[in-house]
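Beneath this line is the structure, given in structure tokens, with notes to follow.
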Amino acid sequence: MTTTGIRAIITGATGMVGEGVMHECLQHPAVEAVLLINRKPSGFSHPKLKEIVHTDFYNFSAIENQLAGYNACFFCLGVSSVGMSEQEYYRVTYTLTLHMATTLSRLNPEMTFCYVSGAGTDSSEKGRFRWARVKGKTENDLTRLPFKQVFNFRPGFIKPTRYLKNANKYYQYIGWLFPLGRALYPSGFCTMEELGKAMINSARQGYEKPILEGTDIIELARRQPVSGIRFT
């Protein structure tokens, strides 16, 4: 378990998951600083928060001197494969993620890297679905980087946090499914609050395995730090 405050880099804060994770970090007493890296200004403001607007996620040379000194990265940037060519989806999902992660592992070897993947990701990299193979390769290669630890989160249906501005609009029409889905298939349904807290807790105290399915996310979100250990 880390005994220092969490200093986290977050990507994807202009989307639902990234904003939700940021929201949990800004409220959590164990998180002392958050750095957003976005392609466009997010419009968020908070005493803990700093933001870098950087358009080229394939070249961080211009901002590398601002990326050191962090001990967690919550990588929430992602796109749907619908309507994308195989080459472009691979570039945006795998190449971009690995480029950023490689840069951060060099600058912050004591970092915990958390990657938001998705339910159904294919660790064998040989399955039927293109997106699942690419996500699986991304997960596999992230674990080979010299971070302190890497965790791959595979949420299914995520219930958004109310009042956050980047929640997908269609959730207001299908949100009624959540209680039923959670009761029948808990591994496929978690809340945005649970995902954010689980990612924070993975940086605080780790987890037993590198891949977290839905029930793992729920379990880790509920965990409390070991008694007697406090953040400084």
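Structure summary
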item	result
Cα gyration tensor shape of the chain, rounded if a/c is under 1.5, else prolate or oblate by comparing a/b with b/c	rounded
S187 paired with R130, simple spin-label distance in nm, labels 7 Å along Cα-to-beta-carbon	2.7 nm
Charge sum, other residues only, whose C-beta stays under 9 Å from L220's C-beta, Lys/Arg counted +1 and Asp/Glu -1	0
Probe 1.4 Å, accessible area per residue of the range 76-151, Å²	47 Å²
Sulfur and carbon atoms: percent of accessible area, the chain [1.4 Å]	53 percent
Difference of contour (0.36 nm per residue) and Cα-Cα distance, A119 to Y58	19.3 nm
Residues listed by number, the range 109-128, amide nitrogen under 20 Å from T143 label point at 7 Å toward C-beta	110-128
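The values are calculated or read from the model by the stated rules, or taken from the named source; none is laboratory data. On a predicted model such as this, the values are computed, not experimentally measured, just so you know. Every residue, glycine among them, receives a Cβ derived from its backbone with ideal geometry; neighbour counts consider all protein chains shown. The area values use the complete protein model at the heavy-atom level, side chains included, leaving out ligands, DNA and RNA. Shrake-Rupley method; radii C 1.70, N 1.55, O 1.52, S 1.80 Å.
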